[in-house]
Amino acid sequence: MSSKSDLFERPVGAPLLASTNTARVRDQAFSGFDLPQELQSLSDVLREFVKKEICPVEASLDPTERAIPEDKLALLQAKARQLDFWCLDAPVEFGGGGLSTFQMTVVWEQASRHRFAFPVPGGGVFGYSPPVPLYSGNDDQIDRYVRPAIAKGLKTFTAISEPTGGSDPARAMRTTAVRQGDHFVLNGRKMWSTNADEADFGVVYARTDPAKGRAGISAFVLETNTPGMHVSKIPVMRNHWTTEIALENCKIPVENLIGKEGEGFGLAQKWMVRGRLMLASQALGVAEEAIRLAVDWAKERETFGALLATRQGIQFPLADSLVELNAARLLTWQAAWKDDQGEDARVEASMAKLYASEMGFRVVDRAIQILGGMGLAKEMNLEHWFRDLRTMRIVEGGSEIQRYLIARDMLGAAAIGRRD
Ligand SMILES: Cc1cc2nc3c(=O)[nH]c(=O)nc-3n(C[C@H](O)[C@H](O)[C@H](O)COP(=O)(O)OP(=O)(O)OC[C@H]3O[C@@H](n4cnc5c(N)ncnc54)[C@H](O)[C@@H]3O)c2cc1C
């Protein structure tokens, strides 16, 4: 498009787009959003797998279950592995599926179309990829932790947030790691770590040089049987609970440092785009299912002598839901595509996570309203998703943090009160 100065300086009456290279615009013309055939097939097969294998198992469970029980999960995992649906996002060389960010957003949406779509799409049926900063680990760390975690389907945890705050961990972090000979000694407290009570190991972040701010934060592999590590559950409103971790003179070998000292925060940030887009994709899958349930209900249910589907009070929220779902998908796909080009997609990922998580919550809320009492019944998936999507607006950077990141990109130094 013409720059602002082109528009002001052009002769009066000249066409607005005179300075635009129209040939280039034509070359880049919109060519539709058809997915590559291979990706479309993968997405279709995964969708069928969720519908035919996972959904019936979930429907057979007691409505108060918070996850697929281990024995049933093991059977489903075996089926998923036969189809190579295993740790799809992890690099191929470590035993994963090696999908790109865009490919992941497409398949994660389909993998999330069922009750236990959180915190891991598929409820663990497709494996639990280890914390992504570990992919930047050395060969020994890859062999000791990454490969076994993928091969055995081990749960792992990530511990960044602390009682002093999770939105701004670079400032709030109090946990320290002090080098003593061939060990680091960790002291501090971590909050909200998902799965630390069920995991063999995870990645923990601590200050190795408190004077250096974020450049003084390092990442370590922490095995959960390390003396001095105490884990306790923090029940929260969603189906899957979190934990608090107390670290009291926890000695871990220097070989457990990931990357170099001071690189921890950078490693966490490097993988943030993928993390946020995976959450956005989960919200897409759930919203799609919620809309399907609401449409089916509206076409069946009669009140005052007519189908709910005939009422504008039902039609309009359904229409809004579909529009918002499609908008969220485009934001998500655009951010993922940019990430795959090797470009900085952090702002786009913030937009996608913000919009998709808020959209998902609105859509599920509307679906509950359309189903009335049945919308709240435990045997329906809607009330599970309602609670999970509510938490999604807080995890991986709350909605306010995403808005702040987007606004800071728009406003530059003025966002922090400076006139440059
Ligand atoms: C279910 C669940 C699972 C989680 N899993 C993990 C995990 O596995 N590992 C891990 O390390 N952490 C995990 N977390 C922690 C999560 O990342 C944090 O809760 C989140 O980052 C917010 O941090 P906080 O709770 O300390 O809120 P605070 O940082 O205290 O913020 C409080 C509120 O204020 C808002 N806010 C903050 N700053 C601003 C501002 N400048 N302007 C306006 N509003 C602002 C926030 O968005 C939030 O809504 C999990 C949390 C939950 C609830």
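The values are calculated or read from the model by the stated rules, or taken from the named source; none is laboratory data. Predicted model, so just to flag it, every value in this text is computed and none were measured. Note that each Cβ is placed from the backbone with ideal geometry, even for glycine, and that neighbours are counted across all protein chains shown. Heavy atoms of the whole protein, side chains included, go into the accessibility calculation; ligands, DNA and RNA do not. Shrake-Rupley method; radii C 1.70, N 1.55, O 1.52, S 1.80 Å.
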(message) Can you list which of the DSSP-assigned H helices in the chain have a Cα extent of 24 Å or more along the long axis and an average Kyte-Doolittle score of at least 0.0?
(response) 272-300, 346-371
(request) Please sort 62-73, 302-313 by packing, taking for each peptide the average over its residues of neighbouring beta carbons within 10 angstrom, highest first. (result) 62-73, 302-313
(request) When you have a sec, figure out the Kirkwood radius of region 355-406 from all distinct Cα pair distances and drop it here in Å to one decimal? (result) 11.6 Å
(request) Sum -39500 (n - 2.57) across every DSSP H segment of at least 4 residues in the chain, then divide by the residue count to get the 222 nm mean residue ellipticity, nearest 500. (result) -13500 deg cm²/dmol
(message) Quick check: net charge around Gly181, other residues with Cβ under 14 Å of its Cβ, Lys/Arg +1 and Asp/Glu -1?
(response) 0
(message) Report the Cα centroid-to-centroid distance between region 39-71 and region 231-304 in angstrom, as an integer.
(response) 19 Å
(message) Going by average Cβ density within 10 Å per residue, which order do the peptides 277-288, 224-235 take, highest to lowest?
(response) 277-288, 224-235
(request) May I ask you to order 257-269, 328-340 by the average number of other C-beta atoms within 10 Å around their residues, highest value first? (result) 328-340, 257-269
(message) Using a 1.4 Å probe on the protein heavy atoms, what percent of the accessible area of the chain belongs to carbon and sulfur?
(response) 54 percent
(message) Once the cut-off is 21 Å, how many percent of the Cα-Cα pairs in region 46-119 end up in the long-distance tail?
(response) 27 percent
(request) Kindly provide log₁₀ I(q)/I(0) values, in the same order as q = 0.07, 0.08 Å⁻¹, from the Debye equation applied to equal alpha-carbon scatterers of the chain. (result) -0.39, -0.50
(message) Quick check for you: with a 1.4 Å probe and neighbouring chains kept, what is the accessible area per residue of the chain, in Å²?
(response) 50 Å²
(message) In Å, what Kirkwood hydrodynamic radius results for region 298-420 from the alpha-carbon pair distances?
(response) 16.7 Å
(message) Classify region 156-263 from the C-alpha gyration tensor, please: rounded if a/c falls under 1.5, else prolate or oblate depending on whether a/b exceeds b/c.
(response) oblate
